[in-house]
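Worksheet: the structure to be examined is printed underneath.
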């Protein structure tokens, strides 16, 4: 059919919205009545000419292809990303994990499931805004494999597998206490010291990894902040206990049962804690770094002076004693010490006059060398051990 072909139709029926046109070749078409000329009635003849608009056709084609490309770039290029989980805290019976904001591109989020050791254990509430969760009711000293599975309209995406082992009773590093109403400042400060000595953590706000709320008394209803902590702990079913539980854990070197330390009872270690708190507040005396420095230095002692023995007394002592049997030479203090050792024959000859009691003769040269001895008024003879002054001729 040519693009300039025309047709002639007779109006067979005319309604408010549609007109029935009957052609010359027994063709019948429905034509919108709003497109017909005004004043037509039943039996009117109309000419209809149909032409092709190629320019408009090309424009429509380009618009359609552009829409397809936009849909492809929006929904077909970027896919959702699998979540990456990290360990936030672990205790004897709980494991807390966290992850970054979910990236699901333009897909629809169906659910975010938690998988433990290959089995689905639950769904994360409010998966679009949630960033962490806690798994409770676990066994002590047991290893677990934790995963998240993201279900979207673009498919399912599995996170990394996190292997975590729960703690034993003697491992207190996973304990995270919240300090509530503790009016006694000494008990408050001592509790912080005990928490740090146990390797645990503490805060004044309840967080995801918080394990206990410590209060020595119920909060005052007029204190909105403490009442909010108390109500939140009850909502999360956290143990609300007295600070004495920390001191019991420090004493036993392990985690103890919380039942004896609830708010409506007297702790079994109340007196011990009171004494311990009082003792910690007393300052300890300073200890010197070097104990040797604390000692007073001893005064140096003066050397003992030799006691001079008179020559007469020494001579009498030697006469009473046995003859000398060695080569030792005794020298007077007033004379220089001689290092020469006499022979055995000379020693024997020198001992004879000492034994017989005869006084040794001194040479004139020795008297001249020692004038002080020559003027000695003491007529007593010198001892026989002064061998160098004996004339052996």
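Every read-out reported here was derived from the displayed coordinates using simple, explicitly stated rules and does not represent laboratory data. Since this is a predicted model, take the numbers as computed values, not measurements. Methodologically, a virtual Cβ is constructed for each residue, glycine included, from the backbone with ideal geometry; neighbour enumeration extends over all protein chains shown.
Relative contact order for segment 176-280 using alpha-carbon pairs under 8 Å, separation at least 6, rounded to a whole percent? Each step should come with its number before you reach the end.
Values: 138 pairs, mean separation 29.1, N = 105.
Result for segment 176-280 is 28 percent.
Once you have a ≥ b ≥ c as the square roots of the Cα gyration tensor eigenvalues for segment 6-51, tell me rounded if a/c is under 1.5, and otherwise prolate or oblate according to whether a/b is larger than b/c.
Numbers: a/c = 1.56, a/b = 1.30, b/c = 1.20.
In terms of gyration-tensor shape, prolate.
How far apart, in nm, are two points set 7 Å out from the Cα along the Cα-to-Cβ line at residue 139 and at residue 73?
5.6 nm
For segment 85-166, what class follows from the C-alpha gyration tensor (a ≥ b ≥ c being the square roots of its eigenvalues): rounded when a/c is under 1.5, otherwise prolate if a/b is larger than b/c, else oblate? Mind dumping the intermediate values first?
On the way: a/c = 2.40, a/b = 2.04, b/c = 1.18.
In terms of gyration-tensor shape, prolate.
Would you work out if segment 128-225 is rounded, prolate or oblate? Take a ≥ b ≥ c from the square roots of the eigenvalues of the alpha-carbon gyration tensor; rounded if a/c is under 1.5, else prolate when a/b is larger than b/c, oblate otherwise. Don't skip to the end; give the middle numbers.
Details: a/c = 3.67, a/b = 1.75, b/c = 2.09.
Oblate, since a/c reaches 1.5 and b/c is not below a/b.
Modelling each spin label as a point 7 Å along the Cα-to-Cβ direction, I'd like the residue 81/residue 35 distance in nm, to one decimal.
It is 5.3 nm.
What's the Cα-based Rg to Rh of segment 26-172, Rh via Kirkwood? Can you show the working numbers first?
Values: Rg = 31.1 Å, Rh = 20.9 Å.
With Rg and the Kirkwood Rh in hand, the quotient comes to 1.49.
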